[in-house]
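> Before I ask anything, let me first share the structure, which is written out below as structure tokens.
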Amino acid sequence: MSKQSELLLGNIVMDSIRILLLISKFDKAKNTLNIEKIMMYDYYLKYPNTMIGSDKLSIDTKYSFYEYYAFFHWKPNISEYNKTLSYLLAKGLISKELRSKEMCYIITEKGLEVINSLKSSYKNTLLEVLNYIKTNVTKMKDSDVEKEILHRTSIKIRFEGDKHE
């Protein structure tokens, strides 16, 4: 397998774990996720130090090499999310339903089995960030979440610190 193929496979696996955990945090009956909400909440999962801050989490996200050197942009590439969601659908780990005229994604029993079988510090870190998202971010209007993302990813804030908030 080429290095490029290995990198692509690694990315889809990491993206799938993150998205599967995200979808698992939402109750099937009450709260479902459309692709827009998945992209917004996943942004917090990918960049927890930038979006939340290590002072609000009981995990150490402060020195994430990947996050510190990441090129931030909003909106994410929807085709990448479609690829990951298609992968999870094909594996039977999630399903999709039409709710309130929107396509929403829901974890399946098989997906829950996979989540429960995962044992890693990466999963634990994601769960900590997801608890914060579920408690704080989901209460915000989507437009406010987008404004927060734009604000926190601005070059001035990233490189000059929180004094500009």
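The values are calculated or read from the model by the stated rules, or taken from the named source; none is laboratory data. The shown structure was predicted, so the numbers you read here are calculated from the model rather than taken from an experiment. Here the Cβ positions follow ideal geometry from the backbone for every residue, glycine too, while neighbour counts run over all protein chains shown.
> Identify the single condition in (1) farther than 13 Å from Ile19 by Cα; (2) touching a residue at least 60 places away in the same chain (Cβ under 8 Å) that Ser120 does not satisfy, given that it satisfies every other one.
Condition not satisfied by Ser120: (2).
> Can you tell me which residues in segment 82-95 are more than 18 Å from the chain's Cα centre (by Cα) and either in a helix (DSSP H, G or I) or modelled with pLDDT under 95 (or both)? Before you say what the answer is, go through the steps one by one.
Taking segment 82-95 and keeping what is more than 18 Å from the chain's Cα centre (by Cα), we get 90-92.
Once the filter is applied, which keeps residues that are more than 18 Å from the chain's Cα centre (by Cα) and either in a helix (DSSP H, G or I) or modelled with pLDDT under 95 (or both), segment 82-95 yields only Ala90.
> Moving on. Of the numbered conditions (1) surrounded by 10 or more Cβ atoms within 10 Å (Cβ to Cβ); (2) modelled with pLDDT of 80 or more, Ser121 fails exactly one; give the number of that condition.
Tallying (1) surrounded by 10 or more Cβ atoms within 10 Å (Cβ to Cβ); (2) modelled with pLDDT of 80 or more, Ser121 fails exactly one: (1).
> If the requirement is being hydroxyl-bearing (Ser, Thr, Tyr), buried (at least 19 other Cβ atoms within 10 Å of the Cβ), part of a helix (DSSP H, G or I) and at pLDDT 90 or above, which of these qualifies: Tyr105, Tyr41? Before the answer, list the steps.
On the way: Tyr105 fails: part of a helix (DSSP H, G or I).
After applying the criteria, what remains is Tyr41.
> Report yes if some residue within segment 67-75 is part of a helix (DSSP H, G or I), out of contact with any Asp or Glu (no Cβ under 9 Å at 6 or more places or on another chain), at pLDDT below 90 and on the phi < 0 side of the Ramachandran plot; otherwise report no.
Keep residues of segment 67-75 that are part of a helix (DSSP H, G or I), which gives 67-68.
In the following step, the residues that additionally are out of contact with any Asp or Glu (no Cβ under 9 Å at 6 or more places or on another chain) were identified as 67-68.
Filter again for at pLDDT below 90, leaving 67-68.
Retained after the next criterion (residues that are on the phi < 0 side of the Ramachandran plot): 67-68.
Yes, segment 67-75 has at least one match.
> Another question, if that's okay. If I filter segment 7-32 down to residues being outside any helix (DSSP H, G or I) and modelled with pLDDT under 90, which single residue comes out as farthest from Leu93 (Cα to Cα)?
Among them, the one singled out is Lys30.
> Could I ask something else about it? What tally of residues in segment 132-154 results from selecting those that are free of Cβ contacts under 8 Å to residues at least 60 places away in the same chain, in a helix (DSSP H, G or I) and over 14 Å from Tyr43 (Cβ atoms)?
Result for segment 132-154: 3.
> Would it be correct to say that Ser154 is modelled with pLDDT under 90 and surrounded by fewer than 10 Cβ atoms within 10 Å (Cβ to Cβ)?
Numbers: modelled with pLDDT under 90: yes; surrounded by fewer than 10 Cβ atoms within 10 Å (Cβ to Cβ): no.
So Ser154 does not fit the description; no.
> Hey, could you check segment 101-125 for residues that are in contact with a Ser or Thr (Cβ under 9 Å, 6 or more places away or on another chain) and not β-branched (Val, Ile, Thr) and say which is farthest from Pro48 (Cα to Cα)?
So, considering only residues that are in contact with a Ser or Thr (Cβ under 9 Å, 6 or more places away or on another chain) and not β-branched (Val, Ile, Thr), the one farthest from Pro48 (Cα to Cα) is Glu102.
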